[in-house]
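Input: a single structure, listed below in structure tokens.
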Amino acid sequence: MNSFGRSIALIFKGSAKAFKTFPMAVACALAFSIVTMIRIQLEWSDQEAWNLLFNSLHWSFAVGAFFSLAVTTAAQTRLKQAWAFLVANLSGFIVTGATFLILYFASTVLPVDEYSRYDRLSVLAIARATSAIVISIMVFIMLAGWPKTISDYSRALFMTLKAFFIALLYGGVIMSGSSGVAGAVQALLYHNMSYKVYQYLGTIVGFLAFTIFIGFFPDFRLAAQVAALSPGAAVSPDEKREAAQRQPRFIEILFDFILIPISLALTVVFLIWTARTLIQGMGASFVQLAGIASSYAVSGLLLHILVARHEVGLAKFYRNVFPIAALIILGFEAWALVRQLQTSGLKLTEYAFALVWILTVIAVTLLLIQKEKSHLTIAILACALVFLAMLPGVGYHALPVTAQVSRLENLLQSQGLLTAGQITPATQTPDQATREAITDAVYFLASQEDGRLPAWFDKKLSQGDVFKTKLGFEQTWPTGDTTGAIGTGYLNTSLMMPSGSLDVSDYQWAIYMSENYGAKQTSEVSLLGKQGDYQLYWTLNQPSGAPTLKITRGDLVVVEETLNAYIDQIQAKYPPSNKQTTPATLDDLTYRIETPELTVLLVFGNIDITVDVQQDYINYWLNLKAIYLMEK
């Protein structure tokens, strides 16, 4: 057998060995796959009521798999006793069960609105389960890099990434091949084969890929034997570990001559931005800056760790330059963060960016002082920050809510709108900036599922009509906001019909137009009225034109209007921006047309106006729900 064949055989041999090396992790992965197959077998209408159970099982098995991987590695690397292996896998079983009980019985959200008919897992519960998985993986990497005589954090991190991409590659090949066979069977032998066959195949391949992933790792029990040797004693080489940790030549080329130059180029861009900021001020939105800077910081740290043992001149240069440049850049990013906090207070983006900033500042400082010895400390710090983000009071779900509640209270009290724990409507309209700040804080708080809100705050304040009734003025969004155009190239106005009622007692007919517009983009309805037979035409004029309503009676054109005036009215009140879907009122989604013969009321389900600022192109979509008509 050639070397390539031996490598493939070794991969699958390791996959089979994973059942013995990490039994609880494999058992959790198998249980995860079984639950997935049950969900595939059930139709959505059958499984909807069981979603809470299925999701709780899925997340508990996922947590159990990676926790078991970490704790079993701890037992193998630190202890040689047989009972330690048994205790480690038993603890994995206990954690899996405890996670399920917590998720299913203590982490549910009741169906309080029309979007969910059954209990479901809260966003916070899912975030905490995800954080448990992330911490377990990071702890596993730390343990896999022990003892220092044969490994370190850098090599263990690369070994884990290598295992992941090998499992991904083999899984992709197996999935492609098996899907091809299934496709051939469907095309040639059994035309009525269910699409669920491919979903079953995907589930099985996912399980196999996981076993390939954990089966790639060496026998960590040898690490405990090495650690037990006296200092200076001869260490027998662990060939499998050395092979797993070794970076192939093409990976070294990728890191040294592709990724490092890219990272250095991005560093230059940030340094130029820093200099320009000193002269001209901020030129990009904070959201864009936070995303780019966070990606730069995290990827830069990972790359620094992965090339810690490279001796190429460019790698040495990067290891020396990155920490210094990062500290300079982070100083100005802190200034941008402070400005954002002064403008709109602490929200999720600012919170996440602050955590990344803290991690990066401490990490690059440690890299300057301790070099590669700091890697383990950096990993522990990252775990601590992930854990911190999930804690009550200071977590991502709590601290931003507390900050925005305080901000909103101060804004309302300054305008006399909050007294004795009660909101009272404004007698005088606040200025534009204050209205925008109140709208921003209300919209953020209303969207929070897990934060503790004061008794005086009603989540329905995010609805435009409720907001106006309780506060005495309409929701106000920043005008001329084109910051989103830099990143996405698009601005948008998106209005949805809120719940409510319309008085249509004066109208004699309700007309519903078909959405099957045909090639002419026109929907047509006939109506027999008192004055004669009416013909109604609703034409979309896509892709960029405003729709047209035309009503005729015989040869007489009673109504013919393109809705430019209505679109102008909408854009004046809700200018296109990079904001989220804007809550609207019932009046916003209706348009009245008066003629000597008829009164017509158009009711829209939703309106979307999209502006491509780069191509100077506007698209209008008005979803007509009903036409109410009254003859005079």
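The values are calculated or read from the model by the stated rules, or taken from the named source; none is laboratory data. Everything quoted here is computed from the prediction, not taken from an experiment. Cβ sites come from the backbone with ideal geometry, for glycine too, and all protein chains shown count toward neighbours. Heads up: the accessible areas ignore ligands, DNA and RNA and are worked out on the full protein's heavy atoms, side chains in. Shrake-Rupley method; radii C 1.70, N 1.55, O 1.52, S 1.80 Å.
Structure data summary
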item: Residue within region 166-186 that is of a type in the set (Phe, Trp, Tyr), modelled with pLDDT of 95 or more and within 29 Å of Ser299 (Cα to Cα) present; result: no
item: Residue in region 288-309 that is surrounded by fewer than 17 Cβ atoms within 10 Å (Cβ to Cβ), in contact with a Gly (Cβ under 6 Å, 6 or more places away or on another chain) and within 30 Å of Val442 (Cβ to Cβ) present; result: yes
item: Subset tally (residues that are over 22 Å from the mean Cα position of the chain (by Cα) and buried (at least 17 other Cβ atoms within 10 Å of the Cβ)) for region 53-83; result: 13
item: The lone exception for Thr203 - which of (1) open to solvent by 40 Å² or more (accessible area, probe 1.4 Å); (2) modelled with pLDDT of 90 or more; (3) not hydrophobic (A, V, I, L, M, F, W, C) it fails; result: (1)
item: In region 408-439, the residues that are touching a Ser or Thr at 6+ places or on another chain (Cβ under 6 Å) and among the charged types (D, E, K, R); result: Arg435, Glu436
item: Elements of type strands (runs of 3 or more DSSP E) contained in region 485-592, each with 2 or more residues being open to solvent by less than 20 Å² (accessible area, probe 1.4 Å) and at pLDDT 85 or above; result: 490-496, 533-539, 548-553, 556-562
item: Residues located in region 254-271, provided they are open to solvent by 70 Å² or more (accessible area, probe 1.4 Å), within 22 Å of Glu333 (Cα to Cα) and more than 28 Å from the chain's Cα centre (by Cα); result: Val268
item: Residue in region 1-42 that is modelled with the highest pLDDT, counting only those that are among the polar types (S, T, N, Q) and open to solvent by 20 Å² or more (accessible area, probe 1.4 Å); result: Thr36
item: Close pairs (8 angstrom Cβ cut-off, 6 or more residues apart or separate chains): more than 21 Å from Arg39 (Cα to Cα) in region 173-202, outside any helix (DSSP H, G or I) and not basic (Lys, Arg) anywhere; result: Val185/Met193; Gln186/Met193
item: Within region 46-157, helices (runs of 4 or more DSSP H) holding 2 or more residues that are within 30 Å of Glu252 (Cα to Cα); result: 51-78, 123-144
item: Options Ser107, Ser45: the member that is surrounded by 18 or more Cβ atoms within 10 Å (Cβ to Cβ), over 24 Å from Leu157 (Cα atoms) and either in contact with a Leu (Cβ under 7 Å, 6 or more places away or on another chain) or at pLDDT below 90 (or both); result: Ser107
item: Among (1) open to solvent by less than 70 Å² (accessible area, probe 1.4 Å); (2) within 22 Å of Ser374 (Cβ to Cβ); (3) among the hydroxyl-bearing types (Ser, Thr, Tyr), the one test that Thr149 misses; result: (1)
item: Cross-chain or 6+ apart pairs with Cβ under 8 Å, region 442-465 first and within 13 Å of Val401 (Cβ to Cβ) and among the hydrophobic types (A, V, I, L, M, F, W, C), then assigned to a helix (DSSP H, G or I) and open to solvent by 60 Å² or more (accessible area, probe 1.4 Å); result: Leu445/Lys459; Ala446/Lys459; Ala446/Lys460; Leu453/Lys459
item: Selection from region 438-478 of residues that are in a helix (DSSP H, G or I), touching a Gly at 6+ places or on another chain (Cβ under 8 Å) and open to solvent by less than 40 Å² (accessible area, probe 1.4 Å); result: Ala441, Leu445
item: Residues that are of a type in the set (Val, Ile, Thr), closer than 14 Å to Ala441 by Cα and within 23 Å of the chain's Cα centre (by Cα), drawn from region 379-418; result: Val401, Thr402
item: Hits in region 110-132 - residues which are under 11 Å from Asn55 (Cα atoms) and either open to solvent by 80 Å² or more (accessible area, probe 1.4 Å) or modelled with pLDDT under 80 (or both); result: Arg120
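Residue-wise test of (1) farther than 21 Å from Leu376 by Cα; (2) among the polar types (S, T, N, Q); (3) part of a helix (DSSP H, G or I); (4) touching a residue at least 60 places away in the same chain (Cβ under 8 Å).
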{"residue": "Gln247", "(1), (2), (3), (4)": "no, yes, no, yes"}
{"residue": "Phe250", "(1), (2), (3), (4)": "yes, no, yes, no"}
{"residue": "Ile279", "(1), (2), (3), (4)": "yes, no, yes, no"}
{"residue": "Ser299", "(1), (2), (3), (4)": "no, yes, yes, no"}
{"residue": "His310", "(1), (2), (3), (4)": "no, no, no, no"}
{"residue": "Phe322", "(1), (2), (3), (4)": "no, no, yes, no"}
{"residue": "Ala326", "(1), (2), (3), (4)": "no, no, yes, no"}
